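Single-structure report; data block below.
The values are calculated or read from the model by the stated rules, or taken from the named source; none is laboratory data. If you're wondering where the values come from, they're calculated on a predicted model, not measured in any experiment. Note that each Cβ is placed from the backbone with ideal geometry, even for glycine, and that neighbours are counted across all protein chains shown.
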Amino acid sequence: MRATCTRLRPARMSYLFVAVVLGITASYAMASPASAHELAKFRMERRHIKKRALTQIGAPYVYGGSSPGGFDCSGFTSWTYNNHGGALPHRAIDQFYLANRPRFKRIWQRSHLRKGDLVFHKTTSARVGHAGIYIGHEKFISTTSSGGVRIQSIRDPYYWGSRWVGATRLPSTRKRYG
């Protein structure tokens, strides 16, 4: 009788292993459509962020400004996301460090950027001095003291290209981040 029980144990373990593997596989398969849905939602949000930002081309630069009457760089990025259901802090450095939070992502290479990513440049002695929003095709939109809200090349060899710091990708724009 003892020999029979010993032989059944490996068989039971095999069945248990197969059941666990099937359970994990089934739960992963059921989670995939939700993940695909979330990904599509985030892509749509990024397109809307880009559209919202483009509506402000030509708005003037105002130090500390965060409205269509006048923006500074981080006020512009904050206004754009806040008017789409998100909530970003006003300072560029605070927006940069959002990537240290769970579910946020730091982007170091410009080739990995997606529309809606926050992009950062070093324009002062501080680690981060300028913020903008990536809109695709190696372009970003931001506001500068010399030109207000406008589109510029992320790789501009005369200014922005050499001042690249990195980017922050937000997990969803419909959340409060500040």
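Of note:
- Boolean, S111 is in a helix (DSSP H, G or I), without any contact (Cβ under 8 Å) to a residue 12 or more places away in the chain and among the small types (G, A, S): yes
- For the condition small (G, A, S) and surrounded by 18 or more Cβ atoms within 10 Å (Cβ to Cβ), G85 does not qualify.
- Residues in the stretch 113-157 that are in contact with a helix residue (DSSP H, G or I) (Cβ under 8 Å, 6 or more places away or on another chain) and basic (K, R): R114, K115, K122, R127, R155.
- Matching residues, the stretch 147-173, being out of contact with any His (no Cβ under 8 Å at 6 or more places or on another chain) and within 18 Å of L54 (Cα to Cα): G147, G148, V149, R150, I151, Q152, S153, I154
- The criterion of at least 3 residues that are closer than 22 Å to Y63 by Cα and polar (S, T, N, Q) is met, among strands (runs of 3 or more DSSP E) falling completely within the stretch 117-164, by 139-144.
- Selection count where residues are modelled with pLDDT of 90 or more, surrounded by fewer than 17 Cβ atoms within 10 Å (Cβ to Cβ) and hydrophobic (A, V, I, L, M, F, W, C), scope the stretch 93-137: 2
- Residues of the stretch 59-72 that turn out to be in contact (Cβ under 8 Å) with a residue 40 or more places away in the chain and either closer than 21 Å to G116 by Cβ or assigned to a helix (DSSP H, G or I) (or both), as a count: 3
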